[in-house]
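A.B. asks: The structure is given below, and queries will be raised subsequently.
The numbers here are math on the coordinates, done by the rules we state, and not lab data. Note that the coordinates shown come from a computational prediction; the quantities given were computed from them, not determined experimentally. Here the Cβ positions follow ideal geometry from the backbone for every residue, glycine too, while neighbour counts run over all protein chains shown.
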Amino acid sequence: MRGTSVGEQMTGLDIRPLTSDIGAEIIGVDLRDELDDAVVGTIRRALLDHLVVFFRDQDITPDQHLAFAGRFGSINVAPFGPKLETHPAITVLDQIAPVGGLAARWHSDNTYMPNPPLGSILRAVELPDIGGDTCFANMYRAYEELSGPMRLLVDGLEAAHDLTYTLTRAIDEGLAREHLDTMRAQYPELIRPVVRIHPETGRKALFVNSNFTTRLVGLTEAENDSLLPLLLNHVRSPDFQCRFRWATNSIAFWDNRSVQHYAVPDYTQRRVMHRVTIDEGD
């Protein structure tokens, strides 16, 4: 049987792993309450250990959603995309039949920003009768499952991250009203390591994603055409993934520094989600 951690014993939380590599459900906390430091610390430890944590039956208000996120860092307001009118720090994902949508690609959030977010907290508001699950992948394991020679290669590489593709798609699909040239001037291409060292755990994670990584720096076009798709496809392995089946008022909180996610576009009814993103550093 799984042992109980000191944090769980002190706070009364029950942390139940979904798989051996990623994901855990946290039971025994009401996110409508003002959480004490011990509970917040246990949730943060669970996030670092399991990379994405889930809560069920959390009928929270937008204010409570923001308050919970604020216990883990300052709020990161997404530069583009629909927002909740009364709470513009909350991004609204409201779709029907999103085949080919941007969320249906393995990605980390907002890696084009100078300081990519620590994580995101996503709440299910309205769901289709069938479908709409979200999959999560462990980027520590994605790195570790590369061969030794490949790890040596990617350890020394850098990649370009750019918002052009994603923002263009969002504008075309009516999900963003921002002007492309203005946003590109505000957020120019950034160069980042292909392998990121997590600032809290010290572990290496693969840090390229299909929404924002455009090229590997210093490689020829032919080399890019071979290596970048290989790395992007590698994260799709079910060996280091979990899949979460949503219910209304379920919440997922993932570590954007070590996780990629994929929203399965297999539904034809309305799906409404509210997302709050957290800055790294606090």
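A.B. asks: What size of dipole, in debye to the nearest 20, comes out for the chain about its Cα centre when the only charges are +1 on Lys and Arg C-beta atoms and -1 on Asp and Glu C-beta atoms?
C.D. replies: Value, rounded to 20: 340 debye.
A.B. asks: Could you go through segment 24-31 in sequence order and give the Karplus-derived ³J(HN,Hα) for each residue, using 6.51 cos²θ - 1.76 cosθ + 1.60 with θ = phi - 60°, rounded to whole Hz, and x for Gly and Pro?
C.D. replies: Values, residue by residue: 8, 9, 10, 10, x, 9, 10, 6 Hz.
A.B. asks: Still on this structure: Go through Ser237, Pro265, Tyr187 and say which Cα lies farthest out towards the positive end of the charge dipole of the chain; charges sit on Cβ, +1 for Lys and Arg, -1 for Asp and Glu.
C.D. replies: Value: Ser237.
A.B. asks: Taking the Cβ of Thr214 as the centre, find all other residues whose Cβ is under 11 Å away and add up their charges (Lys, Arg: +1; Asp, Glu: -1).
C.D. replies: Taking every Cβ under 11 Å from that of Thr214, the sum is -1.
A.B. asks: What is the diffusion coefficient of segment 156-282 in µm²/s, taking the Kirkwood radius over Cα pairs and the Stokes-Einstein relation at 25 °C with a viscosity of 0.890 mPa s? Could the numbers behind the result be given before it?
C.D. replies: Numbers: Rh = 17.2 Å.
Diffusion coefficient, whole number: 143 µm²/s.
A.B. asks: Share of Cα-Cα pairs in segment 6-278 beyond 32 Å, in percent?
C.D. replies: Numbers: 8028 of 37128 pairs.
Value for segment 6-278: 22 percent of Cα pairs lie more than 32 Å apart.
A.B. asks: Compute the signed sum of charges (Lys and Arg +1, Asp and Glu -1) over the other residues within less than 14 Å, Cβ to Cβ, of Ala137.
C.D. replies: -2
A.B. asks: On to the next question. Can you tell me the convex hull volume per residue for segment 61-104, based on C-alpha atoms, in Å³ to the nearest whole number?
C.D. replies: On the way: hull volume 4.4 nm³, N = 44.
It is 99 Å³ per residue.
A.B. asks: Please identify, among Arg184, Arg243, Arg16, the residue showing maximal mean-square fluctuation in a Gaussian network model of the chain using a 10 angstrom Cα cutoff.
C.D. replies: Arg184
A.B. asks: Using a Gaussian network model of the chain with C-alpha springs under 10 Å, which one of Leu35, Leu93, Leu127 is most mobile by mean-square fluctuation?
C.D. replies: Result: Leu35 has the largest fluctuation of those listed.
A.B. asks: Among Pro98, Pro88, Pro265, determine the one that fluctuates most according to a GNM of the chain built with springs between C-alpha atoms less than 10 Å apart.
C.D. replies: Highest fluctuation of the listed residues: Pro88.
A.B. asks: Now a separate question. Could the peptides 138-144, 266-272, 173-179 be put in order, highest first, of the mean number of other beta-carbon atoms found within 10 Å of their residues?
C.D. replies: On the way: 138-144: 22.6, 266-272: 16.0, 173-179: 14.0.
Descending mean neighbour count gives 138-144, 266-272, 173-179.
A.B. asks: Hey, another quick one. Step through the residues of segment 229-237 one at a time and calculate ³J(HN,Hα) from phi using the Karplus curve (6.51 cos²θ - 1.76 cosθ + 1.60, θ = phi - 60°), rounding each to whole Hz and writing x for Gly and Pro.
C.D. replies: For segment 229-237, the Karplus curve yields x, 4, 5, 5, 6, 4, 5, 7, 5 Hz.
A.B. asks: What's the local net charge at Glu34, with K and R +1, D and E -1, over the other residues with C-beta under 15 Å away?
C.D. replies: So the surrounding residues net to -3.
A.B. asks: Related question: Taking the Cα-to-Cβ direction at Ile96 and at Asp30 and moving 7 Å from each Cα, how far apart do the two end points lie in nm?
C.D. replies: In this crude label model, Ile96 to Asp30 measures out at 3.6 nm.
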